[in-house]
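Laboratory data are not the source of any read-out in this text; all were calculated from the coordinates shown. All values derive from a computational prediction rather than experimental measurement. Counting neighbours? That spans all protein chains shown, and the Cβs are built from the backbone with ideal geometry, glycine included.
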Amino acid sequence: MSDADRRSALVVTAGEAERVVREWRLRYLRESVERGIPPHLTILFPFVPESEIDDEVLTALGRLYAPVSPFDYALESVESFPDAAWLAPAPAEPFLDLIARTRAAFPDLPPYGNSEYVPVPHCTLGVDDDPARVEAMVRELRAGLGARLPVPCRAEEVSLVGERADGSWVERGAFPLQGRRWAG
């Protein structure tokens with residue numbers, strides 16, 4: 001992988017969920033787990049190429065997120081897209097605010113490279129190209145996780161993660177949410 005091909009992303013890590021979802025992520029997202037990607041909610045992917053992360057980018061991100069207040073949320077239910085099973089956060093609004101703030105600051109970097117895409121806050125647990133297998137995954141996740149949901153979490157920072165040449169991911173910076181309490 002060339003330096004120009006290495007990607008980055010802005011995420012809110014859901015570390016509190018690790019103990020609850022790790023076995024499921026190993027089952028359905030093994031490659032992501034092995035590459036060092038923690039349970040998270042994506043704010044923007046892809047962000048700038050990993051090779052373009054510099055002090056200017058890091059400073060801009062710090063300024064962007066500092067006015068935002070930390071917030072509590074819970075990963076409450078197993079939901080799905082045609083190609084993925086995921087946990088839905090409640091409330092979703094603070095994530096939508098972070099996404100909108102980021103999109104306004106970086107209008108040339110649309111979510112998932114698609115300016116028409118409407119982001120849905122989610123914590124992915126598994127992916128598959130076959131919708132029938134995703135449906136089966138959702139049934140298994142609901143049966144296996146049902147009694148362990150909701151998972152209470154707290155967002156205190158947005159992390160910038162970058163892809164290494166070997167395909168693993170590493171945190172490149174963490175930007176504290178320092179504003180007054182979010183009142184959605």
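Do we find a residue being part of a loop (DSSP other than H, G, I, E, B), within 19 Å of the chain's Cα centre (by Cα), of a type outside the set (Phe, Trp, Tyr) and over 21 Å from Ile53 (Cβ atoms) anywhere in the range 100-112?
No, because not a single residue in the range 100-112 is part of a loop (DSSP other than H, G, I, E, B), within 19 Å of the chain's Cα centre (by Cα), of a type outside the set (Phe, Trp, Tyr) and over 21 Å from Ile53 (Cβ atoms).
Give the residues of the range 123-139 that are surrounded by 17 or more Cβ atoms within 10 Å (Cβ to Cβ) and in a helix (DSSP H, G or I), sorted by residue number.
Of all residues in the range 123-139, those surrounded by 17 or more Cβ atoms within 10 Å (Cβ to Cβ) come to 123-127, 134, 137-138.
Result: Val134, Met137, Val138.
State whether one or more residues within the range 148-160 are part of a helix (DSSP H, G or I), more than 19 Å from the chain's Cα centre (by Cα) and either in contact (Cβ under 8 Å) with a residue 24 or more places away in the chain or farther than 19 Å from Trp24 by Cβ (or both).
Looking through the range 148-160, at least one residue is part of a helix (DSSP H, G or I), more than 19 Å from the chain's Cα centre (by Cα) and either in contact (Cβ under 8 Å) with a residue 24 or more places away in the chain or farther than 19 Å from Trp24 by Cβ (or both).
Name the residues in the range 161-184 that are part of a strand (DSSP E or B), under 30 Å from Pro82 (Cβ atoms) and either out of contact with any Asp or Glu (no Cβ under 8 Å at 6 or more places or on another chain) or of a type outside the set (Asp, Glu) (or both), would you?
The answer is Val161, Gly162, Trp169.
Residue by residue through the range 21-38, note down the ones that are within 20 Å of Arg142 (Cβ to Cβ), more than 16 Å from the chain's Cα centre (by Cα) and surrounded by fewer than 19 Cβ atoms within 10 Å (Cβ to Cβ).
Within the range 21-38, Glu23, Leu26, Arg27 qualify.
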